[in-house]
1. Compute the projected area of the convex hull of the Cα atoms of the stretch 237-370, averaged over all viewing directions, and report it in nm² to one decimal place.
2. What value, in deg cm²/dmol to 500, does the helix sum -39500 (n - 2.57) over DSSP H runs of n ≥ 4 give at 222 nm once divided by the residues of the chain?
3. From the P(r) of the stretch 77-214, could you give the percentage of C-alpha pairs in the tail past 17 Å?
4. Given DSSP loops and a limit of at most 11 other Cβ atoms within 10 Å, what is the longest stretch of the chain that contains no such GluC sites (Glu not before Pro)?
5. Angle, helix 22-32 long axis vs. longest principal axis of the chain, Cα atoms, 0 to 90°, nearest 10?
6. With only alpha-carbon atoms in the gyration tensor, what are the semi-axes of the equivalent ellipsoid for the chain, in Å, largest first?
7. Among P349, P278, Y133, whose Cα lies farthest out toward the positive end of the dipole of the chain, if unit charges sit on the beta carbon of Lys, Arg (+1) and Asp, Glu (-1)?
8. Any chance you could check the Cα centroid distance between the stretch 327-370 and the stretch 138-210 for me, in angstrom?
Amino acid sequence: MIRVALRRLAASVPPSAPLPPAGDLLAWYDRHRRTLPWRAGPRDPYRIWLSEVMLQQTTVAAVAPRWLRFLARFPTVEALAAAPWEDVTEEWAGLGYYARARNLHACARAVVARGGFPDTVEELRALPGIGAYTAAAVASIAFGRPVVPLDGNVERVTARVMAVEEPLPGARPRLAALAQGWMEQAAARARPADFTQALFDLGATLCVPRNPACAICPWQAGCEGRRTGLAPTLPRKAPKAARPLKRGVHFLLSDAEGRLLLRRRPPNGLLGGMLGIPGTPWREEGWSMEEAMAHAPLATANWRPLPGEAKHGFTHFELRMTLLAATLPPGARVEGDWLAPAAAALALPGAMLRLLALAEAAGAVASATA
C-alpha cells in the first residue's frame, strides 16, 4: 500500500533525470561498507530495531558502545519486555530524547505479546513508538522488504543526485517517492537491505552535509547536483522558527556523606520516569523565589543560590535552570534516592547533568568523576 502510494507520488512530480544505477552504489558498498556492530551476525530484527531507535538524533560514535552495553543487559526483546522500567531508564541515561526509551519498552512488550516482530511496514508501524522511518528501516534491513527508509542521509543523497531545490520539510514527500524509485531497479530489489545501508553509508561518508567528496562518489557521473554545481547547497531547508525559552529552578540537597538527593520525575512528559534533581516545572514566564521555594524538597534547609545558569536545548524549546544548594540539617529526613555524585552522573539525563556540572563548578559537590 505504501509503495503504491509512493509510486503514484513519483509519477505526479515533474520529469527529471533518471536515478543513478543502484548496481554502482552496491559495488561501492561491497568495498567500502562501514563496520558497525549491528551489522555483524544474522539480521536479527531486535538488534536492528534497537540500533535504529538509538541512532535517532544520536551519532554512530555515541551509539555503538551503548548499543553493545544495552544488549549485554537486555540480550533479547523478551528480556527487555520483562525488565522493570527503572532498569531500562537507568541503561538509557545519557542518550537523550528519553521518550525513545519509553516507546522502546512499550514496543518490546507489544512485540512479545504478539509473538515476535511483524515483517511488513504496515504492521511495524502499528507497534507503539514506531514511525514511518523506523518501520521502513526494520522492514528493509531485517526482512528484505523493497522499501527505502528516508533518513537525513537518504534525503541529502536523493536531493543532490536529483537536484531537488524545493526546501525541507516540504520536499520530503517528493524525496521519499524518488528514493523509492531505486527499488524499481533489479539490483536494488535483489539486495534491498544492502542497498538501504549503502545509501546510509554514502550519505555518512562521502555525500556529507559540508564539502561532499564528489570526486570519489560512485554516482558522480549521474548526479544532477554535481553537474549543475548545486550539490553543496542541497538539500535546502526552510528557515526554522525561533524556539521558546523556558526556565526552571532546581534544588540540590546533599547529606553529611556528600550524597545527593534525586527523585524520579513524573512518568509522563519530558524525561518521564527518569531520575532528576528536584525542582519546579519548566515554564516560559519563569519563577519568583517565593514561587520556587514551594517546590523545594525541604523548605527549612539553608538554601543558597549558585552562580550561573545551566543551559540545555530540547527539540522544541531552550531551557535555562538556576540551582540552589543546601546540606541536609542534622536529624532531618527526606524521601528520595540518595546517590554519590559519581553514581548520580551515571543515572541522570543530560539536562540534569548540566545542573550537576554547575554545582561542581561552584564547589557545591565533589567531582562526579573522582
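1. Values: hull surface 36.8 nm².
About 9.2 nm², averaged over all directions.
2. Details: 17 runs with 161 residues, N = 370.
Counting only the DSSP helices, I get -12500 deg cm²/dmol.
3. Values: 6205 of 9453 pairs.
Here the tail beyond 17 Å accounts for 66 percent of pairs.
4. Working: sites that count: E257, E284, E285, E335.
My reading of the result: 1-256 is the longest stretch.
5. 50 degrees
6. On the way: eigenvalues 412, 111, 64 Å².
Value: 45, 24, 18 Å, ordered largest first.
7. Y133
8. First find each Cα centre; the distance between them is then 45 Å.
Only the coordinates and a few stated rules stand behind these numbers; no lab work does. Bear in mind the structure is a predicted one, so any value in this text is a computation, not a measurement. Quick reminder, even Gly has a Cβ in these numbers, built from the backbone with ideal geometry, and neighbours come from all protein chains shown.
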